[in-house]
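Each remark here refers to the structure printed beneath this line.
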Amino acid sequence: MTSENITAGRSTFFDTKIEFLKGVGPQKAALLNEELGIFTFADLIQHYPFRHEDRTVFHQIASLNEQMPAAHIKGRLREKVLTGEGGKKRLIAYFTDGTGLMELVWFQGIPWFEKNLRPNAEYIVYGKPVYFGGRWSITHPEIDLLTPENEQAGYWQPIYPLTEKLRRKFVDSRALSRYIRTLLDIALPHIRETLPDTLIKKFRLISKGDALRNFHLPQNAQWLHQAQRRLKFEELFYNQFRLIKNKLLHKTEYPGLVFNEVHLVKEFYEKYLPFSLTGAQVRVLQEIHADLKTGKQMNRLLQGDVGSGKTIVGFITMLFALDNHAQACLMAPTEILADQHYQGLKHFADLLGINIGKLTGSTKKKDREVIHRQLLDGSMQIIVGTHALIEDIVQFQNLGLCIIDEQHRFGVAQRARLWAKNPRINPHMLVMTATPIPRTLAMTLYGDLDISAIDELPAGRKPIKTVHRYDAHRASVFGFMKDELAKGRQIYIVYPLIEESEKIDLKDLMDGYESISRSFPEVPLSILHGKMKSQDKDYEMRRFVTGETRMMVATTVIEVGVNVPNASVMVIENAERFGLSQLHQLRGRVGRGAEQSYCILMTDYKISKDTKLRIETMCRTNNGFEIAEVDLQLRGPGDMAGTQQSGLVDLLVANLAQDGEILKAARIAAEEILENDPDLIQPVNLPIRQHLANLRKEETNWNRIS
Ligand code: ADP
Ligand code: MG
């Protein structure tokens with residue numbers, strides 16, 4: 001059976017347009033189309049809630065407390081009162097359940113509630129209770145007339161992703177629940193199982209139909225839990241299945257250039273390598289070299305903490321390519337970083353007589369043309385650059401290796417565009433992450449790559465000492481800085497810079513700069529921020545790099561830009577405004593030389609619980625992997641540095657911060673099936689084939705729409 005007949009054989013029930021669902025109609029359908037991208041029955045049933053509110057019990061007014069996120073109360077409405085003027089105008093309805101009296105308050109939609117709320121009728125209300133002036137109140141509660149059905153209580157209200165516009169038009173979570181209930185009543189016979197029986201039995205999963213029903217309309221807490229577990233497993237299983245399949249495909253189907261010769265590599269090792277490699281660097285190079293000899297395309301991720309020495313590994317990998325008459329490219333996320341890589345590599349390239357170039361958005365047209373020509377005729381062997389490298393006009397004579405140094409993740413699609421730059425044989429690919437990421441994230445983001453890790457810092461590095469100081473102790477911090485300067489060290493002082501409040505931030509930075517100039521009148525300073533012209537930035541940076549200036553007052557621009565071994569102190573102002581991985585990245589700017597380095601995190605006395613945890617974590621450990629785990633728990637996968645641009649973390653049900661165990665099980669299951677039945681021929685695996693075909697079809701439809 002081909003994928004066409006599988007798709008053709010699929011029931012068309014789920015392709016039905018949403019406007020044909022009872023109770024929806026053309027107007028609401030248009031809203032659902034526009035606001036949520038819900039066009040068909042399939043879209044609606046897959047519009048999953050992101051949490052569920054517990055409506056299983058009724059609370060009593062007498063026993064409310066302020067810690068409750070929400071109260072669910074059955075009672076009787078008393079009188080309504082309209083009070084206040086203008087913006088303060090509000091409708092108050094008094095409400096009692098026999099144990100106490102409370103206020104329900106509306107600032108918006110007053111006319112509607114005034115007209116429709118019926119004094120003396122019984123209602124159920126739901127919302128966040130607040131105690132003020134000796135009385136409980138709920139502002140903008142959900143409110144429903146008591147009916148025999150809802151009097152039973154005992155339900156979980158799913159909360160769906162919505163937009164403001166939908167809410168204004170009264171399409172809220174409960175309206176969606178109603179639509180979905182109507183749909184589920186007729187859909188059940190059409191729902192196909194998407195997992196093989198073997199997996200369902202092995203992992204004791206409930207069926208797809210039961211899972212969908214109980215995720216949208218849970219019977220009780222146990223069923224809700226089972227529904228989530230089943231849908232998470234399915235989602236992660238297919239995520240891993242496709243990644244692993246892709247990886248196997250590359251391993252088995254795509255030939256790779258064979259790199260056997262090692263002249264330049266030898267010469268570099270013997271004559272120019274400025275230090276001896278760490279054990280971890282040697283091991284990783286062996287892993288890479290083994291890939292390069294197999295005749296299969298390499299797709300490898302190189303993880304390593306800040307300062308662990310990934311660049312030199314990348315450079316030696318390039319030499320393997322050059323030794324075998326292939327070209328190499330290195331792509332960096334920012335112009336500054338591309339520049340730094342270029343400067344660093346050019347030094348070695350010159351020693352070895354290698355022609356290396358740099359291509360970024362600001363490369364002049366004239367130079368650009370020369371580079372394009374030299375890459376095409378093969379006379380330029382290494383090119384370092386930014387996204388500019390991806391452009392179609394950049395063509396190579398024989399591109400053999402692409403290295404991507406990531407700050408944020410380049411998508412799979414971008415990787416594929418680099419592959420395509422050698423139409424005969426896909427170039428080998430080495431992805432270096434600037435930020436270590438937790439295992440679960442690595443498995444989903446890079447599940448199609450082999451993974452190497454540099455888990456050892458070069459010898460002689462002293463771990464950076466990190467401390468937390470309050471703003472009030474600035475005088476003693478300044479004292480410490482003076483001592484370090486007296487020893488000949490250099491210092492960074494970093495201020496936050498966030499787009500929305502750029503003006504305030506710039507002022508903070510300038511105030512800081514002035515206060516430092518006053519306190520350190522003899523010390524030459526550099527200043528660096530995003531608003532400066534790039535020549536000025538370069539000028540200031542260069543002065544600091546050469547030691548002409550001793551302190552660098554900067555915004556996060558320096559995060560990726562500078563490598564100054566003599567800088568041994570990093571002071572981070574308003575540390576509460578930085579994410580964990582960003583703090584770790586910044587700290588990584590020091591500790592690059594042989595001296596003891598320090599990181600000082602400055603904050604106000606008042607800090608939140610999360611900030612406290614971030615700062616404690618920073619003070620406790622220098623290990624980037626450990627820090628990444630805490631970051632994942634704190635922020636959730638969507639916001640992690642390094643993943644913002646990834647489309648892959650849009651998992652609908654699973655949460656990588658919590659579902660590591662399910663992910664591991666799903667990955668192993670996917671690996672086993674691909675190993676035993678790679679073409680999915682066995683009847684038991686038919687659901688996988690069908691579901692993959694449906695996923696593909698949905699993606700095609702989606703591409704057409706968006
Ligand atoms: P990252 O992994 O953060 O990219 P780099 O490659 O920039 O780290 O290396 C950080 C610094 O450590 C550089 O100055 C580099 O020259 C130096 N370095 C790299 N490997 C070693 C080593 N084996 N011994 C000593 N210094 C090293
Ligand atoms: Mg680096």
14 Å tail of the calculated P(r), the range 235-285, as % of Cα pairs: 73
Environment charge at Gln27 (Cβ cut-off 12 Å; Lys +1, Arg +1, Asp -1, Glu -1): 0
Taking the convex hull of Cα positions in the range 350-409, its mean projected area over all directions (nm²): 4.8
Ranked list, fewest to most other Cβ atoms within 10 Å of each Cβ, for Arg689, Arg424: Arg424, Arg689
The range 60-131 versus the range 652-670: alpha-carbon centroid distance in Å: 42
Tail beyond 23 Å, pair distance distribution of the range 180-264 (Cα, percent): 44
Antiparallel bridge percentage (DSSP; both residues within the range 465-621; nearest 5): 0
Burial ordering of Arg620, Arg204, fewest other beta-carbon atoms within 10 Å first: Arg204, Arg620
Trypsin sites (Lys or Arg not before Pro) within the range 353-396: DSSP coil, no more than 16 neighbouring Cβ in 10 Å: Lys364
Rg(Cα) / (2.2 N^0.38 Å) computed for the range 124-209, rounded to two decimals: 1.58
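In terms of the Cα gyration tensor, with a ≥ b ≥ c the square roots of its eigenvalues, is the range 263-454 rounded because a/c is under 1.5, prolate because a/b exceeds b/c, or oblate?
rounded
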For the range 311-339 versus the range 565-580, the gap between their alpha-carbon centres in whole angstrom: 30
Within straight-line cross-link reach of Lys465, aspartates and glutamates at Cα separation under 17 Å, skipping those fewer than 8 residues along the same chain: Asp305, Asp483, Glu484, Glu573, Glu595, Glu616, Glu626
DSSP-defined beta bridges in the chain - what % are antiparallel, rounded to 5: 35
For the chain, alpha-carbon Rg and Dmax in angstrom: 30.3, 93
Zone residues, the range 197-235, relative to Thr56, backbone N less than 16 Å from point 7 Å out along Cα-to-Cβ: 214-229
Distance between the range 180-226 and the range 392-453 - C-alpha centres, whole angstrom: 38
Segment Gln395-Phe13, length gained on full extension (0.36 nm per residue, minus Cα span): 132.7 nm
Range in the chain, longest, excluding exposed chymotrypsin sites (Phe, Trp or Tyr not before Pro) [loop by DSSP; at most 14 other beta-carbon atoms within 10 Å]: 276-604
For Ile493, residues with placed amide H under 5 Å, excluding near neighbours: Met552, Val553, Ala554, Val571
Whether the range 652-702 is rounded, prolate or oblate, judged on the alpha carbon gyration tensor where a/c under 1.5 counts as rounded: oblate
Per-bin percent of Cα-Cα distances, the range 401-497 [5 Å]: 2, 8, 13, 15, 11, 10, 11, 10, 8, 7, 3, 1, 0
Coil-residue GluC sites (Glu not before Pro) of the range 339-431, DSSP, other Cβ within 10 Å capped at 14: Glu391
Relative exposure of His263, His529, His59, judged by other C-beta atoms within 10 Å (fewest first): His263, His59, His529
The range 57-126 - convex hull of alpha carbons, volume per residue in Å³: 100
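For the chain, what does -39500 (n - 2.57) per DSSP helix run (n ≥ 4), summed and divided by total residues, give at 222 nm, in deg cm²/dmol to the nearest 500? Numbers along the way, then the final one.
On the way: 26 runs with 297 residues, N = 706.
Here the helix-only value at 222 nm equals -13000 deg cm²/dmol.
Rule-based calculations on the coordinates, nothing more; no lab input. Not measured: the values here are computed from a predicted model. In this analysis, Cβ positions are derived from the backbone assuming ideal geometry, glycine residues included, and neighbour counts consider all displayed protein chains.
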